[in-house]
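Colleague: Can you keep this structure in mind? I'll have questions shortly.
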Amino acid sequence: MTAAPASPSARPRHLLDFQDWSPERLTAILDNADTMLQVLDRPVKKVPALQGLTVCNAFFENSTRTRTSFELAARRMSADVLTFAAGSSSVSKGESLRDTVEVLTAYKVDAYIVRHHAAGAAHLVARYSGKPVINAGDGRRAHPTQALLDAYTVRQEFGSLEGKRVAIIGDVRHSRVARSNAELLPMLGAEVVLCGPATLLPSDLAALPGVTLTSDPKEAVRGAHAVMALRLQKERMGGGFLGSLQEYADTYQVNEALMAEAESGAIVLHPGPMNRDLEISGEAADGARSRILQQVENGQAIRMSVLYHLLVGRD
Amino acid sequence: MTLTITNIKRSNSDKTESVTLENGVIKGWNIPAEGETIDGQGGTVAPALIELHAHLREPGQTEKEDLASGLAAAAAGGYGTVVCMPNTVPVIDDPAIVRSLIQKASGLGFARLHPAAALTKGQHGEALAELSYLKDAGAVMFTDDGRTNENARVLRLGLEYAGSLGMVVSVHAEDASLRADGVMNEGPVSEALGLPGNPAAGESARVARDLEILAGLHAQGSKAHLHIQHLSTARALELVRGAKARGLNVTCEVCPHHLTLTDEALRGFDAIYKVAPPLRTQTDADALLEGLKDGTVDCIATDHAPHTRAEKERDLLDAPSGIAYIELAFPLMYTRFGGDLGLEKLLDLMTAGPARLMNWPAPSLEAGAPADLVVLDLDTEREVNPAEFKTKAKFTPWAGEMLRGWPLLTVVGGQVAYRRE
């Protein structure tokens with residue numbers, strides 16, 4: 001059941017995670033995003049690349065931001081976009097994932113963008129639909145376009161990811177953003193430090209190549225070129241993972257004081273939506289080091305680039 | 001009714017023999033054939049297999065399985081006796097349900113049915129069921145199975161009461177608070193997959209607790225018997241090994257899926273591999289195999305747990321736990337471990353082993369013994385083809401695998417319960 005070994009020549013059919021992707025292919029996606037950013041700067045922000053294709057935004061879990069970003073990306077590529085939100089659909093009437101996907105596929109959908117609360121659901125959509133699938137977040141497993149836009153933002157700043165150190169601080173345990181970055185960034189030559197309270201930092205993640213773990217935020221950011229704060233789900237308090245939000249903020253908040261320990265030109269990232277003054281201080285979010293809005297803009301370009309890569313020039 | 005099976009061998013001999021069955025018992029070996037004659041095709045004859053852990057889903061969940069499909073599947077797997085679990089709808093906690101299941105099964109002509117009954121009313125773990133009445137109705141074991149026994153005091157009371165009746169209490173040993181929302185073994189694979197993990201300590205901590213309860217009861221003179229279901233971790237096995245060395249009245253079973261599959265199987269996100277307790281690591285599987293060899297493990301059980309295909313096609317968080325493979329358990333074990341364990345030991349773990357722990361008469365092929373037997377083809381490799389399954393769950397992790405040791409014929413009470421076409 002493991003993925004076939006990556007070869008630079010093989011063009012993956014899906015973006016579920018990075019397992020069957022080569023660094024060369026991923027770099028091509030980043031390179032192509034430069035072009036997409038130029039498109040977004042034009043008065044007419046549209047290219048005909050996906051004309052005639054129907055892309056289904058299948059969101060089995062709510063997400064306004066990611067859905068909007070993908071929807072705009074697909075529209076700017078001239079695709080028709082079908083938005084499927086589980087909350088207001090047959091899924092709430094008990095229809096199975098397989099039945100839902102088969103019905104959507106019968107509408108002649110050409111590709112899926114899938115968000116689901118369960119890890120692996122995007123894989124199931126790929127299996128049941130036979131169509132290209134872009135994973136827009138499956139449970140705590142993967143959010144590959146987020147990791148690509150993070151990589152792109154770091155590269156934009158420093159010219160390359162080679163030898164760069166990225167600290168990711170927060171609720172790593174429940175974070176698909178952390179997992180996807182921990183998978184992607186080392187493939188592109190960067191080093192990843194995952195940091196959080198021990199209860200939210202699974203020790204087994206240390207098995208990933210190029211990834212180290214620490215519960216000490218100062219140690220995490222020392223020498224870091226980019227520091228990413230993860231969203232802390234306030235619901236997690238019910239799980240007993242933390243003593244209090246105040247204690248968390250006092251220890252792990254990404255703020256000016258913590259950033260003073262990082263490299264002098266280090267930037268601040270956040271996948272959004274932010275809990276201001278919890279995992280990130282307002283000053284850090286809005287300050288000169290912040291690239292948070294740049295991430296949002298880059299996200300659209302990256303998603304356009306991924307759509308192009310998966311859907312154009314394929315029979 | 002008389003039946004003669006010719007052209008068969010016993011597992012410890014190369015001699016071709018025949019056996020004649022009459023009125024539900026073995027009449028004799030190599031006597032002049034009487035009644036109907038069946039050619040055993042040179043197969044190896046053994047006492048019919050005994051399954052102590054199957055979910056037959058009747059009453060209430062017959063879209064997954066029912067007595068007819070489940071017991072036919074058992075017979076096709078070489079089983080003559082099946083203990084079914086009580087987590088049905090309603091729960092088997094009422095003597096009338098026990099009686100009705102036994103009566104219905106007896107008319108089907110497949111494997112014999114011995115229901116396990118709930119230890120507590122509704123399997124809620126709060127108040128003991130009517131254990132004495134349930135035993136009188138024909139229940140052979142008490143268990144709250146997958147509901148786990150979170151209330152230690154109630155389990156202790158149940159062990160004490162059942163012990164006085166000479167009955168086994170079997171437990172799904174798992175601390176529900178440690179399992180939490182885990183859907184697979186906790187470890188590097190669960191972290192890589194982003195799936196909530198269920199730590200090995202969930203099982204071993206619960207086994208340790210239950211063994212201490214048992215030891216305390218023994219110290220007070222109780223004959224309580226604790227049977228641990230589907231043991232899956234090396235550490236819990238070690239605890240059982242130690243408890244047996246101390247002389248505690250504890251037994252345990254191991255499932256073929258925990259011997260042959262590991263958490264690596266989940267990498268394709270196929271919920272067909274979701275099972276409780278979860279598939280563990282190769283280290284655990286190796287330890288379990290060692291436990292089979294050294295006698296720590298008393299028997300092999302399959303935890304046959306059928307679900308509909310639609311249920312198992314759900315995502316891994318949502319899909320129910322369970323694998324249904326009673327009809328290929330022996331071929332799977334024989335093909336994978338027959339050489340390592342030896343045929344005699346493997347058969348012991350699937351016949352005499354379960355009978356011993358249940359205090360049932362030792363299965364025998366001697367004249368006068370019940371005519372429950374299986375003829376196995378140990379030589380011919382055949383592909384696992386789920387479309388041919390008798391169970392309603394016509395899918396399996398082992399589809400397409402080539403296995404040896406398929407039953408040719410299963411006889412229960414002197415009647416043909418399965419015959420390969």
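The values are calculated or read from the model by the stated rules, or taken from the named source; none is laboratory data. This structure is a prediction, so every number in the text was calculated from the model and none was measured. We place every Cβ from the backbone using ideal geometry, glycine too, and count neighbours over all the protein chains shown.
Colleague: Which one of the conditions (1) among the β-branched types (Val, Ile, Thr); (2) away from chain B (no Cβ under 14 Å); (3) part of a loop (DSSP other than H, G, I, E, B) does residue A:113 fail to meet, given that it meets all the rest?
Modeller: Residue A:113 satisfies all of (1) among the β-branched types (Val, Ile, Thr); (2) away from chain B (no Cβ under 14 Å); (3) part of a loop (DSSP other than H, G, I, E, B) except (3).
Colleague: Something else now. Just checking, which of B:73, B:116 is out of contact with any Cys (no Cβ under 8 Å at 6 or more places or on another chain) and either surrounded by fewer than 19 Cβ atoms within 10 Å (Cβ to Cβ) or on the phi < 0 side of the Ramachandran plot (or both)?
Modeller: Of B:73, B:116, the one residue that is out of contact with any Cys (no Cβ under 8 Å at 6 or more places or on another chain) and either surrounded by fewer than 19 Cβ atoms within 10 Å (Cβ to Cβ) or on the phi < 0 side of the Ramachandran plot (or both) is B:73.
Colleague: Turning to a different aspect of this structure: Scan the stretch B:22-71 for residues that are in a loop (DSSP other than H, G, I, E, B), within 30 Å of residue B:90 (Cα to Cα) and acidic (Asp, Glu) and jot them down.
Modeller: Scanning the stretch B:22-71 gives B:58, B:63, B:65, B:66.
Colleague: Okay, next question. Of the residues in the stretch A:165-189, how many are outside any helix (DSSP H, G or I), away from chain B (no Cβ under 14 Å) and either at pLDDT below 95 or surrounded by fewer than 24 Cβ atoms within 10 Å (Cβ to Cβ) (or both)?
Modeller: Count: 3.
Colleague: Same structure, new question: Residues B:410, B:391, B:351, B:380: which one is hydroxyl-bearing (Ser, Thr, Tyr) and over 22 Å from residue B:109 (Cα atoms)?
Modeller: B:380
Colleague: Which residues, taken from the stretch A:45-58, are in contact with a Phe, Trp or Tyr (Cβ under 7 Å, 6 or more places away or on another chain) and over 15 Å from residue A:105 (Cα atoms)?
Modeller: Answer for the stretch A:45-58, where residues must be in contact with a Phe, Trp or Tyr (Cβ under 7 Å, 6 or more places away or on another chain) and over 15 Å from residue A:105 (Cα atoms): just A:49.
Colleague: Within the group B:258, B:230, B:225, which residue is under 23 Å from the mean Cα position of the chain (by Cα) and on the phi > 0 side of the Ramachandran plot?
Modeller: B:230
The rows are residues; the columns are (1) within 14 Å of another protein chain (Cβ to nearest Cβ); (2) under 17 Å from residue B:269 (Cα atoms); (3) among the aliphatic types (A, V, I, L, M).
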residue: A:73; (1), (2), (3): no, no, yes
residue: A:98; (1), (2), (3): yes, yes, no
residue: A:124; (1), (2), (3): yes, yes, yes
residue: A:155; (1), (2), (3): no, no, no
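Colleague: Can I ask one more? Would you call residue A:136 under 22 Å from residue A:304 (Cβ atoms) and more than 14 Å from chain B (Cβ to nearest Cβ)?
Modeller: Against the criterion (under 22 Å from residue A:304 (Cβ atoms) and more than 14 Å from chain B (Cβ to nearest Cβ)), residue A:136 qualifies.
Colleague: Under 7 Å by Cβ, and 6 or more places apart or on different chains, what pairs join a residue from the stretch B:100-118 that is within 21 Å of residue B:371 (Cα to Cα) with one that is aromatic (Phe, Trp, Tyr)?
Modeller: Close Cβ pairs (under 7 Å, with a partner that is aromatic (Phe, Trp, Tyr)) amount to B:111/B:79.
Colleague: If we only count helices (runs of 4 or more DSSP H) wholly inside the stretch B:215-330, which ones have 2 or more residues that are more than 14 Å from chain A (Cβ to nearest Cβ) and in contact (Cβ under 8 Å) with a residue 12 or more places away in the chain?
Modeller: So the answer is B:234-245, B:256-260, B:282-294.
Colleague: Which of the residues that make up the stretch B:153-169 are over 12 Å from residue B:217 (Cβ atoms) and over 24 Å from the mean Cα position of the chain (by Cα)?
Modeller: Correct list: B:153, B:154.
Colleague: Sticking with this structure for a sec: For the stretch B:189-196, does any single residue satisfy the condition of being in contact with a helix residue (DSSP H, G or I) (Cβ under 9 Å, 6 or more places away or on another chain), crowded, with 23+ Cβ neighbours inside 10 Å and over 26 Å from residue B:317 (Cα atoms)?
Modeller: no
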